[in-house]
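Reviewing the structure listed below.
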Amino acid sequence: MPPSFQKPEIALKRSEELIAVGQQGSALQTLYDVLSNKKPRGFNNSSLEPFINKFVHLCVEQKKGKTLKDGLQQYRNMTQNSNIESFESVVNMVLDLSESKIQSAQKQADKLNLETIGDLEESETPESILLSVISSEQSKDRTDRALVTPWLKFLWESYRNLLELLKNNSRFEKLYQSIAQKAIAFCLTYQRKTEFRRLCELLRSHLQAVVKYPNQPYSISLSDAEVMQRYIETRFLQLNAATELELWQESFRSVEDLSSLFIQSRRAVKPSALANYYEKLTRIMFRAENQLFLAAAWHCYFNLIRGQTKAVGEAEIRRAANNVLLSTLAVPIIRPSSKVMSAEASENKYRTQKLTSLLMLSTPPTRQTLISNISRLSVLEYVRPELRPIYDLLEGKFHPLSICKKLTPILRDSIAPNKDEAKYIPLLRNVTLTRLIQQLSQVYSTVRMDVLYKLAEFDDPFKLNPIDIERFIVNGTRRGEFQLRLDYENRAIVFDVDTFDFSKPENMATQLQSSPAELMRLQLSSISVSLSKVQRVVCPEYIAAKVAEHNESVKYAKEAMEIERSSAAARKEYIEHKKKMMEALISRREKEEAQARLLKQQQEEERERAHQAELKIKRERERINKEREHAQREEAKKLAESLKSKAGLSVDIEELENLDTNRLLQLQVEHLEKEKHEVKTRLKNASRQMDHLERAFRQEERALLHEDFDQQQAEDLKNHKEGYIAMVETAKAKHEHDLFAKHRLAKILKDYNITKNVLNERNAEKVAILQAEAQKKLEAAKASRIAEYRKLKAEEESYVPPNKRQGLQTTGQTAFTPSPSAPSPPARSVYVPPKRTATEFSSPSPAWSPAPGAGPRGGAFSSYKKPGTPLGKDSPNLSDSSKTGKTTSSSNAWVPSFRRNAQK
């Protein structure tokens, strides 16, 4: 037995490895073991989706239908409470993969069939001749059976398994209906009649289970209008497919299912769907050769679409009207008679009631009611004009000698060319022949056979030979439609009339005279009336006694009637009361059951939510622990890699799990200390090297300092003279410009003074006020500034430095003498001056020029010692500069030109 991998990630990785080496069966078994594991599983959806996708691909490729069903059942149990969309996507993927496999197999089969044709001019090969002798199959059929049929079987098995998995589950009800519709389309596309019958039985059993087990968890409720509408839509697709496949028995069963769903549905059926329902019923009734209910179905269909011209179209309404007229007239004329046994009627009673309920009629239809509906619905207004005379010929007029001659042109010219209406010609011919014989029986008692054959003559191709006419007459006589005898000796037809047949003819308008049965019935009634009159004249006492007895009977009947009426009213009231009580009890029981079911469902949902919350917390905790461990391992790995790359430590990255993070940190600290010591050593060596280099530079430049100083002094003098000349020229130009501006502005000076005086006089008061306000603000600002200054001055005067707070003697103060018990002050450390280091000279600013009259020793060169002069007390140093209070700026320090070039 292969090992069971509890984690989907591990099983998926293992299956991919097995697929890489060509062991698809083992890979599928590995995945199946994980799904079929009965131990508690806490898999998350992110890890299950790639796992189940690979499982589905392997099952489809290997055509493992049972394994796929078991795996999907386990996956449904895992996802039906948390992730329904994932299961729906997996189901759709199964169907898409199967359909794509069928299409690829069909393309491959077509390609092989084309490749087998070697010579296009050769009609048959010896191999094909031998195969045709053995089997009737063609080469294409054999290729399809070898390549396409296995995938068709697998797809059909997939549809059936998925429907079994999703049945009676409210969470997957929409998916169930979509798969059922796809299965119906599959049977219709590939003309699978046997599978369609099985599919109809499967859907019917599922619907019965929904009705039988409504209290199961997640069961479907047919009281929901949306659910019922989806079931009705699926049954309509089933009905359409059954009629297209010409499976009339399944069509009839689908109609029964739809009728029961219509009764249970709380929402009204759409008129378009109901029209489709009646239209399919007309096809079914025509195939069943039930002319009466065929006409009734056409009546219902026409009555429904009669006012929907925009939705249906005028052409469809006219077609329905033509079929209504022809189907109604084609209903056989059955004349009830006392000689006909009632067994057949009792046997057909259940079937008649069932068909009546399918048509949604309150009473069973009859030929006479259908004929009256033609006038009531104004069917003749929509019928083609050339078909309207048929109604008058068969139902309105009495013309037994010419009925066939007048009807034949209509059948030949108007009905026969139309394929949809030509199917009624044999029925109309039988009805015409029946009308002919019935009308002849009312006029004649004996008719010669050759005369009947001539009267019943139709033109080709509707012509009847004498044998067919005789067979029709014998069958009608056997069923009781005709009362006649065939006298072959005299070659005549003798109409026998039963004088005691009290049945009335169906159509009184087509009767010319009373029949012998009617005469007998009238004769007996007239004798009875005459005897009653004689009795009144002969025996008046008897009549009086009879009248009194009659009055007493009437009185007793009235009293009994009142008693029965009151008892019936009381019984009715009691029944109504009992009915209300039962209804209240049933409604209360239903409410209690609904509340209990709702409470149970809520408890189950609450338990499921709590369970899911616990699983979520557990998965989150495991995820956090895994992430923490992973982060620690990654951090330790990066730290070890950095130590290995930088410090050269021999740390094995593969054995990081055996190393502690503190140990790695200790190694890192040791490495940093080592690096710090190395950097300090390098800096010390670099400093020593810089000192030696600077000493060598100064020794080499000492011989060049005097020459460079003279050259630099000459350049400075030249720059000074050029700058002075430029300054003088600029001052002259500015003076000339100012004089020119003075002469130009002097012309408007008088006007300016006049305007200024005018403005000053006009704004004198305002200016005085503004000046006074400004003066006040100025005085206030001065006062505040003086007060602030005095405050700062007082704080500075009262401030005592820390070094003078230790009892040092100052002017006006006594020396502080510490007490013997006071702690002695800390000993002052000996000051050691810092070691002086050589500093570089910084070059003066390029734009610098000495002031006029400045000597070579003044300005920036005041602290310069001429080269060659030994350093002594005349040489300026830090102490001299500190005494004079002047310091040489590093920016103005002189640097030799060759040093500057070297620095550059």
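For the reader, a short list of remarks on this structure follows.
- Residues Q108 and K310, FRET efficiency given R0 of 35 Å [Cβ-Cβ distance, rounded to 0.05]: 0.10
- Amide H partners (placed H, <5 Å) of R448, local residues excluded: I493
- Length added when fully stretched, K174-D450, from 0.36 nm per residue minus Cα-Cα: 92.4 nm
- Spin-label pair D392-Q353: with each label point 7 Å from Cα along the Cα-Cβ axis, the two points sit 4.4 nm from one another.
- Burial order of peptide ranges 314-323, 613-622, 532-541, 370-379 (average beta-carbon count within 10 Å, highest first): 314-323, 370-379, 613-622, 532-541
- Expected-Rg normalisation [2.2 N^0.38 Å, Cα atoms] applied to segment 664-730: 2.42
- Karplus-derived 3J(HN,Hα), 6.51/-1.76/1.60, for each residue of segment 731-747, Hz, glycine and proline x: 5, 5, 4, 5, 5, 4, 5, 5, 5, 5, 5, 5, 4, 6, 7, 5, 5
- Potential lengthening between Q689 and V269 on full extension [0.36 nm per residue; Cα-Cα distance subtracted]: 140.6 nm
- With DNA, RNA and ligands ignored, accessible area of I586 (1.4 Å probe; Å², nearest 10): 80
- Where labels lie 7 Å past Cα in the beta-carbon direction, separation of L749 and N465 in nm: 15.5
- Rounded if a/c under 1.5, otherwise prolate or oblate - segment 364-419, Cα gyration tensor axes: oblate
- The phi torsions of segment 94-107, fed into the Karplus equation with coefficients 6.51, -1.76 and 1.60 and a -60° offset, translate into couplings of 4, 5, 5, 5, 5, 5, 5, 5, 5, 5, 5, 5, 5, 4 Hz, rounded to whole numbers, with Gly and Pro shown as x.
- Centroid-to-centroid separation of segment 738-790 and segment 236-305 [C-alpha atoms, Å]: 112
- Loop-resident sites, segment 414-466, for trypsin sites (Lys or Arg not before Pro), counting at most 16 other Cβ within 10 Å (DSSP): K423, K463
- Environment charge of N418, counting only residues whose C-beta is closer than 10 Å and scoring Lys/Arg +1, Asp/Glu -1: +2
- For I19 and K626, a Förster radius of 45 Å and the Cβ-Cβ distance give a FRET efficiency of 0.95, rounded to the nearest 0.05.
- Filter on K182/K618; K310/K406; K13/K174; K174/K578; K64/K182 - keep pairs with C-alpha separation over 30 Å: K182/K618; K310/K406; K13/K174; K174/K578
- Under Karplus coefficients 6.51, -1.76 and 1.60, residue-wise ³J(HN,Hα) of segment 306-313 in Hz, glycine/proline x: 4, x, 10, 5, 5, 6, 9, x
- Placed amide H near L484: partners under 5 Å, 5+ positions off or other chain: D496
- Distance between segment 155-169 and segment 540-568 - C-alpha centres, whole angstrom: 73
- Ordered from longest to shortest, the equivalent ellipsoid semi-axes for segment 538-634 are 90, 10, 4 Å, each the square root of 5 times a Cα gyration tensor eigenvalue.
- Surface analysis of segment 538-634 yields an accessible area of 91 Å² per residue, using protein heavy atoms and a 1.4 Å probe.
- Segment 270-382 - convex hull of the alpha-carbon atoms, volume per residue in Å³: 106
- Averaged over residues, the count of other Cβ atoms within 10 Å places the peptides 196-202, 216-222, 725-731 in the sequence 196-202, 216-222, 725-731, highest first.
- A cut-off under 10 angstrom between Cβ atoms defines the neighbours of L326, and their net charge, with Lys, Arg +1 and Asp, Glu -1, is -1.
- Extension gain for Y556 to E201 (0.36 nm times residue separation, less C-alpha to C-alpha distance): 121.6 nm.
- Taking the accessible area of segment 538-634, probe 1.4 Å, and keeping the other protein chains in place, the carbon and sulfur fraction comes to 56%.
- Amide H to amide H distances under 5 Å link D224 with no residue, where only residues 5 or more positions off or on other chains count and H is placed in the peptide plane.
- Per DSSP, loop trypsin sites (Lys or Arg not before Pro) in segment 728-772 with at most 11 further Cβ within 10 Å: K747
- Candidates V554, Q601, S587 compared by Cα position along the dipole of segment 538-634: farthest toward the positive end lies Q601, with charges placed on Cβ.
- 1.4 Å probe accessible area per residue over segment 270-382, in Å²: 51
- Between R589 and I84, the modelled labels are 3.1 nm apart [label points 7 Å from Cα along Cα→Cβ].
The values are calculated or read from the model by the stated rules, or taken from the named source; none is laboratory data. Quick caveat: nothing in here was measured; it's all calculated off a predicted structure. When we count neighbours, we look across all protein chains shown, and the Cβ atoms used for this are built from the backbone with ideal geometry, even at glycine. The area values use the complete protein model at the heavy-atom level, side chains included, leaving out ligands, DNA and RNA. Shrake-Rupley method; radii C 1.70, N 1.55, O 1.52, S 1.80 Å.
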